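What follows is a short report on a single structure.
The values are calculated or read from the model by the stated rules, or taken from the named source; none is laboratory data. Remember, it's a predicted structure, so these values are computed and weren't measured experimentally. Virtual Cβ from ideal backbone geometry, glycine too; neighbours counted across all protein chains shown.
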Amino acid sequence: MTLYILCFILLLTGLYGLLISRNIIKIVISLTIVEISIFLMLILIGYIGGALAPVIFQEEVLPHQAVVDPLPQTMVLTAIVIALATNSMILTMAIRLYKKYGTFDIHEISKLKG
Amino acid sequence: MENPVLIFFIFLPFLAAFLIPLLNLFWDQGKTIVLFLVSFVLMLLALIIVINPPQSTQYIPGGWYPVDNIPVGIHLVGDGLSRFMLLIINSIAFLCAIYAIPYVKMFTGQKYFYTLFFLQLAGLNGVVLAGDMFNLFVFMEVTAKASYALVAFGVRKTEIEAAFKYQVMGGLATLFMLFGIAMLYWMTSTLNMADISVVLRNNHAENTNVIHFTQLFFLAGVAIKAAMIPFHAWLPDAHSSAPSPVSAMLSGVVIKVLGIYVILRLFINVFAPSEFLSMVIAVLGGVSMTAGVILAIGAWDLKRLLAYHSISQMGYVLMGIGIGMGVIAGGGSPTTVALTFTGALFHMINHAVFKGLLFLTAGSIEYSTDTLDLRKMGGLARYMPLTMVASFAASMAIAGIPPFNGFFSKFAIIVAAIQGGYHFRAALGLLVGILTLASFVKFQRYAFFGTPRPGVTLKHTPLLMKVSMVTMAVLCLIMSLFIFPEVRAVFLDPAVNTLLETTDYALKQI
């Protein structure tokens, strides 16, 4: 249970960073922290202490032997690929923003008002 | 047993998306032809499966059939609601596509525009067809990525800024959804929506608190995507900065599919509707409806005005859904529920048409006059009579003036609110209707009437843009026919019936 709570604290840390930081790069980092916390939680959900990796070997697996749930792992793999796209794209935007405005401060980048 | 036509809604746009840049290497006109043909075929397919619904609603790609009635593979589900959404998506996409052909000539790299357009379309079709939670998430991300890039397509200062804002908010929204999905998987050990619904129903009493916690995460994610009022900051920027055909897609389709459709699917078909949640959704809807229209009255940028109205009109739909869920949870009469859901879905398809059209006319005005500031326009009625007629029809439709479609759907929602005993919400609906009319009178007055500015040079609106706008203006009128039971039985009733089944939907799927 402690691990899940720590995960949730990590998520809240990311959210806090997202709310208070003024630097674009720090916003991106905070978003990544939220991402990572959710990936960790997904992995934890499928994890069973002392269980085998979900790979089928030639040898017979004993019937009482527990195997880690492979589904969350595949989900996390997919989500990581998506996160890669997200991060590369959002960083491209950050670079473009820096070139246009000459600053990373979101208070100075405010031609549009919500 | 299976319905393989469903896979084409995802496969064809993906194929077109990656074919276009390749084709462009040696054939210049190829991209336009592919754009036209593929979007036309998709619209026809959607129309065919709505008018002539196939026997089976499922398709399982790869042949991973259920084992002992436990679904293991990816399920594409094309039930009444999904087919209805497919019709909205693909018809609006077709009209936006033919509008975009002349419009994107002002940009460089048109092939990338078409590629992103099809990626967005594939994602949208995937979201409504996804039968499991994780595919829903993946296709939401596909749509969102394409939308971010399309918003920033002009690479001017404001566009990049809007796209960055949209990306941060949108990224957070999908992460909240992923968190919700993780919680659901934890509780139920399955990802299939129908299966989740069955498992949740069987051990309902055990973990009510956890379910509420999960629901709040889903609601936060979806509310950001639907731009409900406390979460709306990205929408006016993103929708007003994007190229006009993309604005029409974003406002007309994307917020509906990623926002409203996911709310409907999750909170009505997967979770059983509860009193608490119906209250939250109706309040979110009511607040967005009122605040959106008040913000719109003060806006001077034409596209920003329209974007605020998107928030307001989505508020109507959401309030209708909230009322319907409240009546279901309170054990009210099924006819009231049917009326609210009919009203909400009807308003959704109406909004797709008239808001799409309004953004297209805004694009046409921008194309001709190079400005979107209402104070710099005036007297355009003389120069652009066709745009004026189209935008007049759409304005009357969104304001709810009788022969146009918007009147009937708003009327249905308000009558349903009175029947359900929510008099305050009905009064709010009427008030917002009047304010909407006021702000569109302002738009018409400043843009088309009055004296023309001296020394303006106007470009001619290209033919394809006119065709698209006229088609939508005609649709605004003929969609009023949906109030007749015979027409409604074809288009709206299958979708409403899917919602009326609530969680019994799951039993049909498995």
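Here B:G30 passes the criteria (1) at pLDDT 90 or above; (2) surrounded by 15 or more Cβ atoms within 10 Å (Cβ to Cβ); (3) farther than 20 Å from B:L129 by Cα except the one numbered (1).
For segment A:67-90, give me each residue that is more than 26 Å from B:R304 (Cβ to Cβ), in a helix (DSSP H, G or I), at the interface with chain B (Cβ under 10 Å from one of its Cβ atoms) and in contact with a helix residue (DSSP H, G or I) (Cβ under 8 Å, 6 or more places away or on another chain). Reasoning before the result, please.
Residues of segment A:67-90 that are more than 26 Å from B:R304 (Cβ to Cβ), as a first pass: A:67-88.
Among the residues that remain, those that are also in a helix (DSSP H, G or I) are: A:70-88.
The next check asks that each one be at the interface with chain B (Cβ under 10 Å from one of its Cβ atoms); those that pass are A:71-72, A:74-76, A:78-79, A:81-83, A:85-87.
Result: A:L71, A:P72, A:M75, A:V76, A:T78, A:A79, A:I82, A:A83, A:A85, A:T86, A:N87.
Looking across segment B:388-403, just one residue is farther than 26 Å from B:T369 by Cβ and either of a type in the set (F, W, Y) or surrounded by 22 or more Cβ atoms within 10 Å (Cβ to Cβ) (or both), and that is B:G400. When segment B:432-452 is filtered for residues that are over 25 Å from the mean Cα position of the chain (by Cα) and among the aromatic types (F, W, Y), the ones remaining, listed by number, are B:Y446, B:F448, B:F449.
Output the residues belonging to segment A:7-39 that are outside any helix (DSSP H, G or I) and facing chain B (nearest Cβ under 10 Å). Can you show your working first?
We begin by selecting, within segment A:7-39, every residue outside any helix (DSSP H, G or I); these are A:21-23.
Selection gives nothing.
Given the criterion within 28 Å of B:N135 (Cβ to Cβ) and surrounded by fewer than 17 Cβ atoms within 10 Å (Cβ to Cβ), identify the matching residue among A:L77, A:L40, A:L71. I'd like the intermediate steps shown before the answer.
Working: A:L40 fails: surrounded by fewer than 17 Cβ atoms within 10 Å (Cβ to Cβ); A:L71 fails: surrounded by fewer than 17 Cβ atoms within 10 Å (Cβ to Cβ).
Exactly one of A:L77, A:L40, A:L71 is within 28 Å of B:N135 (Cβ to Cβ) and surrounded by fewer than 17 Cβ atoms within 10 Å (Cβ to Cβ), namely A:L77.
Scanning segment B:339-396 for residues that are of a type in the set (D, E, K, R) and at pLDDT below 90 yields B:E366, B:D370, B:D373, B:R375, B:K376, B:R382.
Please pick out the residue among B:A272, B:A233, B:A299 that is within 19 Å of B:I365 (Cα to Cα) and surrounded by fewer than 21 Cβ atoms within 10 Å (Cβ to Cβ). Before the answer, list the steps.
Numbers: B:A272 fails: within 19 Å of B:I365 (Cα to Cα); B:A233 fails: within 19 Å of B:I365 (Cα to Cα).
Of the residues listed, the single one that is within 19 Å of B:I365 (Cα to Cα) and surrounded by fewer than 21 Cβ atoms within 10 Å (Cβ to Cβ) is B:A299.
Having 2 or more residues that are at pLDDT 90 or above and either out of contact with any strand residue (DSSP E or B) (no Cβ under 6 Å at 6 or more places or on another chain) or more than 30 Å from B:P334 (Cα to Cα) (or both) is the bar; report the helices (runs of 4 or more DSSP H) wholly within segment B:435-501 that clear it.
Working: elements: B:463-478, B:485-491, B:493-500.
Once the helices (runs of 4 or more DSSP H) in segment B:435-501 are filtered for at least 2 residues that are at pLDDT 90 or above and either out of contact with any strand residue (DSSP E or B) (no Cβ under 6 Å at 6 or more places or on another chain) or more than 30 Å from B:P334 (Cα to Cα) (or both), what remains is B:463-478.
Residues of segment B:149-167 that are surrounded by 22 or more Cβ atoms within 10 Å (Cβ to Cβ) and either in contact with a Gly (Cβ under 6 Å, 6 or more places away or on another chain) or at the interface with another protein chain (Cβ under 7 Å from one of its Cβ atoms) (or both): B:A152, B:I160, B:E161, B:A162, B:A163, B:F164, B:Q167. What residue, among those in segment B:181-190 that are facing another protein chain (nearest Cβ under 10 Å) and crowded, with 24+ Cβ neighbours inside 10 Å, is nearest to B:T108 (Cα to Cα)? The extreme case among them is B:I181. When residues in segment B:168-178 are screened for being within 7 Å of chain A (Cβ to nearest Cβ) and surrounded by 24 or more Cβ atoms within 10 Å (Cβ to Cβ), 3 of them pass.
Give the residue that is surrounded by the most Cβ atoms within 10 Å (Cβ to Cβ), with candidates limited to residues of segment B:128-148 that are farther than 21 Å from B:L6 by Cβ and more than 7 Å from chain A (Cβ to nearest Cβ). So that I can check it myself, show each step before the final result.
Step one: of segment B:128-148, the residues farther than 21 Å from B:L6 by Cβ are B:144-145, B:147-148.
Narrowing further to those that are more than 7 Å from chain A (Cβ to nearest Cβ): B:144, B:147.
Values: B:A144: 23, B:S147: 26.
That would be B:S147.
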